[in-house]
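Engineer: Questions regarding the structure given below will be posed in turn.
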Amino acid sequence: MNTIQPLETLVRDVRYAARALRRSPGFFCTAVLTLALGIGANTAIFSIVDSLLLRPLPYPQADRLAQVSLEYRGQGGGLITAVNGRIWELIRDGSPGLDKAVYSASVTGINLAFPGQNRAEFARQQRVGSGYFRVLGVAPRVGREFSADEDRVGGQQVAVISHALWQRVFAGDPGVTGKTIHLRGEPHQVVGVMPADFRTNSVVDVWTPLKPSTGGEGEGTNYHVIARLPESLSWAAVQQQLAAIWAARPRTRRTNQVEEYRLIAFPLQASFTRDIRTPLLILWSAVGMVLLIACVNIASLLLARAGSRSRELATRLALGCGRAGVVRQLLTESVLVSAAGGLLGLAMGYFALSGLEKLAGDLFPVWQPVQVDMRVLAATLGLSLLTSLVFGLAPALHFSRIDIHGNLIQGGSRGHAGRANHWPQRFLVVTEVALGVILLVSAGLLLRSFAHLRGLDPGFDPNRVLTASFSLQDARYKDPVAVGRLFRTGLERMRQIPGVESAAVTLSLPFEGALNVGFHRLDGPAAREQGRTEITNFTYVTPSYFETLRIPLRRGRVLQNSDSASTAPVAVINDAFAAAYFREQEAVGSHFSLGQQQVEVVGVVGNVQSAAGWGQFGPFGQVPFIYVSSEQAPAKIMDLAHNWFAPHWVVRGTGRAAALKAGMEQAAAAVDPLLPISGFKAMDEVRAGTLAMERFMMSLLAGLAALSLLLSGIGLYGLISGSVLERTRELGIRMALGATFGQAVSSVVLPGFWLTLAGLSIGLLGAMAATRVLRSMLWGVTTTDPLTLGAVALGLILVAVAASLAPAARILRLDPANTLRHE
C-alpha cells in the first residue's frame, strides 16, 4: 500500500494539473508555443553541433588521430599552417613511433575519361600519400591502397575510387581493380574502392598518389600531415618529439621569422572543424539564450497566473495540503507544459534542421550525417525536464509562502492580491529584455557587416556575366602553347553564340581566392634590397577579359592579342598593387621578375573585389593583383596553378541564361570533348558563395533575435495585462474619484516602460562584452556601432510601447460607476 500511494498521488496531481491547464487554454497554448520555439531552435542547432563537434570522427580510435602542423608564434600567434616537402621529410624520418601520412587538403576538379570513349565527366580528386587510409584506420572495400613505391615521383599512375563512383561508373563490378581510367589526360589503374560509409571533410570521387617532393609544390606550405598515436605514446610525448625534430632541423637560410614557428600536434577533429567551431559555438550560445528567454517568459506567465490563483492556493494550504503539496502541484503543471513544449519543439527542430541544411549548403564537412537521432532525442528530453525546473521551481517556491490569512480574509481581491508580489515578475521581464538586447545587437552587427560587404563596389560590371569552370589539370595541356590554342579556339566559338557580346578566360574569378606568387622588383628604390621576395595575387587572363568584365583602365594599356609567347613578357597591375609597391615611382614602365621572367608593367586597371588572398584577410577586398596574358604566363606557375585552380570561360551576353549555358557547353565540347564544364555560375552566385558563412550566421542570428524580441514583447504584455486585471477595482475607484483615462493608463504603462529601459541598459552593457567574439566576423563595422545600438534601442522601445498599450486599452472600456456599484 505504501508503494502504491506515491503513484496514486502522482496520478492525482497530473489529473488536477491537466484540469487546471484546460481551464486556462490561452496560458497553456502561449506557454507551450513559447517553449517549443526555444526547444526547436536548440534541437536543430544541437544536431549540427553534436554531429560535427561532439561526436568522434567515423574512424577507429579517432581520439588517437592527430594533425601535425606549423604554428606561428609571433605577434598575434595562433596561426596554423601546413608544411612543405622538407618539413614532411623531417617528420617522416624523425618520428618512428608515429604512424603518419601526408596529403593535400585541397579537393580539385579533374576530367575522368575512359579508353576508347570520346567523352569525359567531371570528378572531384584528392591527392594523398601512401598509408593515408591505413592511418585513418579504414581499408578499401575492394583492392588496396597506394604503395610507397607508387607514391613517389615517377611512380606508377594508380587510383582509389569512391563507392559512389564505383557504383555509378562500374555498376559495382567486383573485378574493377586493374581496370584503366583516364584522369587528367593520363591512364590510371584502379587499385581499390573505398567503403560506402567512408567520408572525410570533403566529398571526393577519386584519390591519387600525392608523390610529395621538395620542389615545385613542395617548396610551399602545401602539405598536410596526419598521424595515429599508439597507446604507449601520450600527446605530451608526441609534442616533445616534434620539438626535438624542429630543433634538430638543418639551419640553412636561418631567419628570425622561421624561429617564430614550431611543430605541433593536435586532434584531427579540431583540425577538421577549425573554421566552423567558433560560428557553431556562437549559434549554440545564441539558441541557448533564446531558450533561457523562453523559460524566463514562462516563469513570468506562471507568476502572473499563480497570482490570480492566490485564493485557491491559500484555501488548499488552509485545508492541510501543505507547502510541499503546493510546490509539487505547481511543478506538475510545469512538467506538463514542458512535455507538450518538448514534443512540439522536437517536431519544429526536425523541420528547422532541413531548412538549416539548405541554408548552409556546402559550408559544413560531411564525414557523418546531420540528423535528429537518439542522442538528439535524449538531449531534447533532458532539456525539456530541465526547463520545467528552471521556469517552474521559482514560481512554485514563491507562492508556497503565500499569506493564507490575508488572502482568505480579503478574498484574494485584485486590489491586493499581487501588487506586492510583482517584483519577481518584473525582475524576469528585465532579464529577458536584457538577453534579447544581446541577441539583437549581435544580429544587427552581422547584418550591418553583411550589408557592407554586399554594398562594396565590385570594381566591374557583374550584370549579365556567366562563368563556366573546367579543369586544366591535364597532361595534354602542360604546354602553354597548347593552352593558348585551346583558349583561342574556344573563345572563337563562344563569341558566335547568339546573344554573346564578349568572352574571355581567367584562372580565377572576382570574389574568389587567387594564386599567390612571389616576385622581385627590378628597378626603383626597392631594387636595392637584393634577394627580397614580395608576395602578391596572380591570375592569367585572355586579353578580352578587361573588356568582358568592364574593368576600367587607369593608365597605360590593357593586354592585347599581340602579347604572345614570342614577344617580351608584359603585365597589367591594379591600383592596389601600384599603391603597395610603386609608391615612389611610376608603375607603368617599371619591371619585376616573375617565375624567372623579366616582366614590364604596361598598364594599371581599377581594383576588383577578390576573396582573402595576399594582403587581405576577409571575405573579399581590394587586394594587389598582377594580370598576365595566358600566352605569356610562366609554364611552371601555370602548371602549379592548375593543381589548385580550375580556369573559367567568362561570357557577357544578352540572351537567356539557359540558352547561353547550352551554347557554351556545345562550344566547349566541340573544341575538346574531354574537357567537360563542371558548373555554371552567374557573378551574383560567385559573390553569394564567398559570403555563404556570413549569410548563414546573419540569417540565423537575425531569426533568433527576432524570436527573442517577440518573446520579450509577450513577457511585457503578460506583465501589463496581469497588472490591469489585478488593479481593475483600484483603477475604477480612482477614475470615479476624478482621475482621467490618461492618468490611469500611464500608471499601468509607465512601469513597463521603465522595466524596458532597465533591461535595455543592462543588455547594452552585456552586448558590448558578448560581441567581442564577433570581431573576427565583422567587416566595415565595429562592435560599438552607434547605428546598430540606436536601432536596437529604438526598436525595443517601440515593441515595449506596443506591448504595454495593447492590454492598457482595456482601461478605456472600464465603467467607474459600475465598479463602485459592485463595491
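Engineer: Looking at 85, 97, 26 in this structure, which one is surrounded by fewer than 16 Cβ atoms within 10 Å (Cβ to Cβ) and in contact (Cβ under 8 Å) with a residue 12 or more places away in the chain?
Structural biologist: 97
Engineer: While we're looking at this one, here's another question. In this structure, is residue 190 aliphatic (A, V, I, L, M), outside any loop (DSSP other than H, G, I, E, B), crowded, with 21+ Cβ neighbours inside 10 Å and in contact with a strand residue (DSSP E or B) (Cβ under 6 Å, 6 or more places away or on another chain)?
Structural biologist: The answer is yes for residue 190.
Engineer: Can you confirm whether the range 486-496 contains a residue that is in a loop (DSSP other than H, G, I, E, B) and not charged (D, E, K, R)?
Structural biologist: Looking for residues that are in a loop (DSSP other than H, G, I, E, B) and not charged (D, E, K, R), one finds at least one in the range 486-496, hence yes.
Engineer: Here are some conditions: (1) touching a residue at least 24 places away in the same chain (Cβ under 8 Å); (2) in contact with a strand residue (DSSP E or B) (Cβ under 8 Å, 6 or more places away or on another chain); (3) not hydroxyl-bearing (Ser, Thr, Tyr). Residue 153 meets all but one. Which one does it not meet?
Structural biologist: Here residue 153 meets the rest and fails (2).
Engineer: Does residue 230 fit the bill of being touching a residue at least 40 places away in the same chain (Cβ under 8 Å) and in contact with a Phe, Trp or Tyr (Cβ under 8 Å, 6 or more places away or on another chain)?
Structural biologist: Against the criterion (touching a residue at least 40 places away in the same chain (Cβ under 8 Å) and in contact with a Phe, Trp or Tyr (Cβ under 8 Å, 6 or more places away or on another chain)), residue 230 does not qualify.
Engineer: State whether one or more residues within the range 265-273 are at pLDDT below 85, among the hydrophobic types (A, V, I, L, M, F, W, C) and surrounded by fewer than 15 Cβ atoms within 10 Å (Cβ to Cβ).
Structural biologist: First pass over the range 265-273, keeping only residues at pLDDT below 85: none.
Checked against the condition, which is being at pLDDT below 85, among the hydrophobic types (A, V, I, L, M, F, W, C) and surrounded by fewer than 15 Cβ atoms within 10 Å (Cβ to Cβ), the range 265-273 yields no hits at all.
Engineer: Using beta carbons and a limit of 9 Å, which pairs, at least six apart or on different chains, have the first residue in the range 271-284 and within 20 Å of residue 104 (Cα to Cα) and touching a residue at least 12 places away in the same chain (Cβ under 8 Å) and the second one of a type in the set (A, V, I, L, M) and surrounded by fewer than 15 Cβ atoms within 10 Å (Cβ to Cβ)?
Structural biologist: Close Cβ pairs (under 9 Å, with a partner that is of a type in the set (A, V, I, L, M) and surrounded by fewer than 15 Cβ atoms within 10 Å (Cβ to Cβ)) amount to 271/80; 274/80.
Engineer: Tell me which of these residue 219 doesn't satisfy, since it passes every other one: (1) modelled with pLDDT of 90 or more; (2) of a type outside the set (Phe, Trp, Tyr); (3) at negative phi; (4) under 34 Å from the mean Cα position of the chain (by Cα).
Structural biologist: Residue 219 satisfies all of (1) modelled with pLDDT of 90 or more; (2) of a type outside the set (Phe, Trp, Tyr); (3) at negative phi; (4) under 34 Å from the mean Cα position of the chain (by Cα) except (1).
Engineer: Yes or no: residue 518 surrounded by fewer than 21 Cβ atoms within 10 Å (Cβ to Cβ) and free of Cβ contacts under 8 Å to residues at least 24 places away in the same chain?
Structural biologist: So residue 518 fits the description; yes.
Engineer: With the requirement that a residue be more than 12 Å from residue 638 (Cα to Cα) and touching a Phe, Trp or Tyr at 6+ places or on another chain (Cβ under 7 Å), what does the range 475-489 give you?
Structural biologist: 486
Engineer: May I pose another question? For the range 18-77, how many residues meet the condition of being in a helix (DSSP H, G or I) and out of contact with any strand residue (DSSP E or B) (no Cβ under 8 Å at 6 or more places or on another chain)?
Structural biologist: 36
Engineer: Sort out for me the helices (runs of 4 or more DSSP H) sitting completely within the range 583-701 that have 1 or more residues that are within 30 Å of residue 354 (Cβ to Cβ) and of a type in the set (Gly, Ala, Ser). Quick ask: steps written out before the conclusion?
Structural biologist: Numbers: elements: 635-644, 657-671, 683-690.
Because the criterion is at least 1 residues that are within 30 Å of residue 354 (Cβ to Cβ) and of a type in the set (Gly, Ala, Ser), the helices (runs of 4 or more DSSP H) in the range 583-701 that meet it are 657-671, 683-690.
Engineer: Considering each of 508, 469 in turn, give the residue that is polar (S, T, N, Q), within 19 Å of residue 624 (Cα to Cα) and either out of contact with any Asp or Glu (no Cβ under 9 Å at 6 or more places or on another chain) or part of a helix (DSSP H, G or I) (or both). Lay out the reasoning, then the answer.
Structural biologist: Numbers: 469 fails: within 19 Å of residue 624 (Cα to Cα).
It is 508.
Engineer: Now for a different question. Condition first: among the polar types (S, T, N, Q) and in a helix (DSSP H, G or I). Now tell me which residues in the range 747-797 satisfy that. Talk me through it step by step, then tell me what you get.
Structural biologist: Initial filter on the range 747-797 (among the polar types (S, T, N, Q)): 747, 756, 761, 771, 776, 782-784, 788.
Within the range 747-797, 747, 756, 761, 771, 776, 788 meet the criteria.
Engineer: Residue 517: farther than 24 Å from residue 673 by Cβ and at pLDDT below 90, yes or no?
Structural biologist: Yes.
Engineer: Can you spot a residue in the range 537-559 that is assigned to a loop (DSSP other than H, G, I, E, B) and acidic (Asp, Glu)? Quick ask: steps written out before the conclusion?
Structural biologist: Of the residues in the range 537-559, the ones assigned to a loop (DSSP other than H, G, I, E, B) are 542-544, 550-552, 557-559.
If we keep only those that are acidic (Asp, Glu) as well, we get none.
Looking for residues that are assigned to a loop (DSSP other than H, G, I, E, B) and acidic (Asp, Glu), one finds none in the range 537-559, hence no.
Engineer: Please enumerate the residues belonging to the range 117-132 that are hydrophobic (A, V, I, L, M, F, W, C) and either without any contact (Cβ under 8 Å) to a residue 40 or more places away in the chain or touching a Gly at 6+ places or on another chain (Cβ under 8 Å) (or both).
Structural biologist: The answer is 122, 123.
Engineer: Taking the range 565-582, which residues are among the aromatic types (Phe, Trp, Tyr) and in a loop (DSSP other than H, G, I, E, B)?
Structural biologist: Selection gives 582 alone.
Engineer: Are any of the residues in the range 137-145 within 32 Å of the chain's Cα centre (by Cα), over 16 Å from residue 208 (Cβ atoms) and assigned to a helix (DSSP H, G or I)?
Structural biologist: no
The values are calculated or read from the model by the stated rules, or taken from the named source; none is laboratory data. Keep in mind that this is a model prediction, so the values were computed, not measured. Virtual Cβ from ideal backbone geometry, glycine too; neighbours counted across all protein chains shown.
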